[in-house]
Amino acid sequence: MRFMLSALVAALLALLAPQAASAKVKTLAERASLVHGIAGDDDYVFVTEPGIGVAKAGPRVVVLDRDNGRQKAALPAPPGGFKLPFTLRAPKRGRLVVLDVGGFPPQGPPTVYDYTYSERKGKFKARLTRTVAFAGLPLAFAEDVEVLPNGEYVVSESVFGGLWLIGRDGKIRPGLVPADPAAPLPGLGGCAFLGSNHTVGGLPFSAPDNFAPGAGSLAVRGDELYLSSTCMGGVQKVKLKTLRDSSRPAEERAKEIVTVAKRRYDLESLKGITFDPYNAKDPWIYAGDPFRLQLIRIHSRTGKRQVLSKDAKRLNFTVATAFLPPERKRGRSTLVTASDQEYRYAGLNPALTADQFKPPFIVAEYRPR
């Protein structure tokens, strides 16, 4: 009898425990050019094409039809053109935020562009409304931009290691930035690359200059900013009030960065971390796990991990994700992903003597169940 009760309790607990979603990843679009950043709304999916590797066109942001993945337009370039459009945010319908990192290797300051857009007579129209350039500031390579609940932006920098704030007035100020770039902040700066003899997707992999970047992908939920980096692995978080507190040295405030999920592998860099903004009760952080060519999620309170898909063809080094609003028929939000095969790029993988890209580059979609 006792055994039967124990078995019953175990079965009930198993039913109540969070389960990995079982929906498959599907291809939304196949692109001839390398893709990187992604965002979207009810009608469109926006994707950055940095112009690297087998690019068929220069750096640009393309506009895809959410329903069928077909290209509808390209975002009008800013004066002088895009240098390397990297990551995107669509904070609400009709607004798009573009982080241009200035080239690779960086050839200019990172710049954040704000666009408004609409559809008129069946044609996509967009207009550049604000430009914020980080000229003269100690940023070597900006990794991501996130829109905070109060309308401010935060930009991560991965070489010196820092989090910069852009006010609603467009003014830049340091959030968590080292006073001396040569002395990175704990939890934000880069570090020596861990381990050796790595293989990704059947190819050898090493890091340029044996360097693991610092502060990278960003996601906000409530009053906390979540971040990931190659140096730290896993996911960390910090209170927004800590980020904004200019009354204390950054070195002191950086100690308040908390680990959400510890590093699991020597080679780990979770990319495109995001929450589902259309489901406030969903506690999971969704992310690409690019070095294992898979999509995962991490419980934001317990740090527990679940693998959602190991579809290596469609998740071929996933570097960006974004949730789209629920469709009327399905009633659930959709997660879209961009995978750039960057482990096949000799510019980022010194273990290769030449690029080994395998086009097309895939924009995929995943519907949690």
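Solvent-accessible surface of the stretch 43-192, averaged per residue with a 1.4 angstrom probe and all protein chains in place: 42 square angstrom.
Shape of the stretch 271-322 from its Cα gyration tensor (a ≥ b ≥ c, root eigenvalues): rounded if a/c is under 1.5, otherwise prolate when a/b > b/c, or oblate? Prolate shape, in that a/c is at least 1.5 and a/b is the bigger ratio. Share of carbon and sulfur in the accessible area of the chain stands at 53%, probe radius 1.4 Å. With all protein chains in place and ligands, DNA and RNA left out, the 1.4 Å accessible area ranks K26, K255 as K255, K26, largest first. Out of every Cα-Cα pair in the chain, what percent are more than 37 Å apart? Of the Cα pairs, 16 percent sit more than 37 Å apart. Pairs exceeding a 20 Å alpha-carbon distance, out of K26/K123; K92/K304; K239/K262: K26/K123; K92/K304.
Ranked from highest to lowest mean number of other Cβ atoms within 10 Å per residue, what is the order of the peptides 292-300, 244-252?
On the way: 292-300: 21.9, 244-252: 12.9.
Top of the packing list down: 292-300, 244-252.
Since only F317, G40, G331 are under comparison, the one whose Cα sits farthest along the positive direction of the charge dipole of the chain, derived from C-beta charges on Lys, Arg, Asp and Glu, is G331.
Would the stretch 84-152 count as rounded, prolate or oblate if I go by the C-alpha gyration tensor, calling it rounded below 1.5 in a/c and otherwise prolate when a/b exceeds b/c, oblate otherwise? In terms of gyration-tensor shape, prolate. Extension gain, F211 to K281: 0.36 nm times the residue separation minus the Cα-Cα distance gives 21.4 nm.
Loop-only GluC sites (Glu not before Pro) in the stretch 303-369, please: DSSP not H, G, I, E or B, and at most 15 other Cβ atoms within 10 Å.
Details: sites: E327, E342, E365; in loops: E327.
Within the stretch 303-369, the qualifying GluC sites (Glu not before Pro) (loop, at most 15 other Cβ atoms within 10 Å) are E327.
A straight line joining the Cα centroids of the stretch 180-228 and the stretch 100-173 runs 20 Å. For the stretch 307-369, chymotrypsin sites (Phe, Trp or Tyr not before Pro) meeting the loop criterion (DSSP other than H, G, I, E, B) and having at most 12 other Cβ atoms within 10 Å: none. Is the C-alpha gyration tensor of the stretch 180-275 telling us rounded, prolate or oblate? Criteria: a/c under 1.5 is rounded; beyond that, a/b larger than b/c is prolate, otherwise oblate. Oblate shape, in that a/c is at least 1.5 and b/c is the bigger or equal ratio. Sites listed here are trypsin sites (Lys or Arg not before Pro) in the stretch 76-105 whose DSSP assignment is loop and whose Cβ has at most 10 other Cβ atoms within 10 Å: K92. Under 5 Å from the amide H of G40 lie the amide H atoms of F46, A90, each residue being 5 or more positions distant or on a separate chain, with H modelled from the backbone and absent for Pro and chain starts.
The values are calculated or read from the model by the stated rules, or taken from the named source; none is laboratory data. None of these values were measured; they are calculated from a predicted model. No Cβ is skipped: glycine too gets one built from the backbone with ideal geometry, and neighbour counts run over all protein chains shown. Note: areas computed on protein heavy atoms with side chains; ligands, DNA, RNA excluded. Shrake-Rupley method; radii C 1.70, N 1.55, O 1.52, S 1.80 Å.
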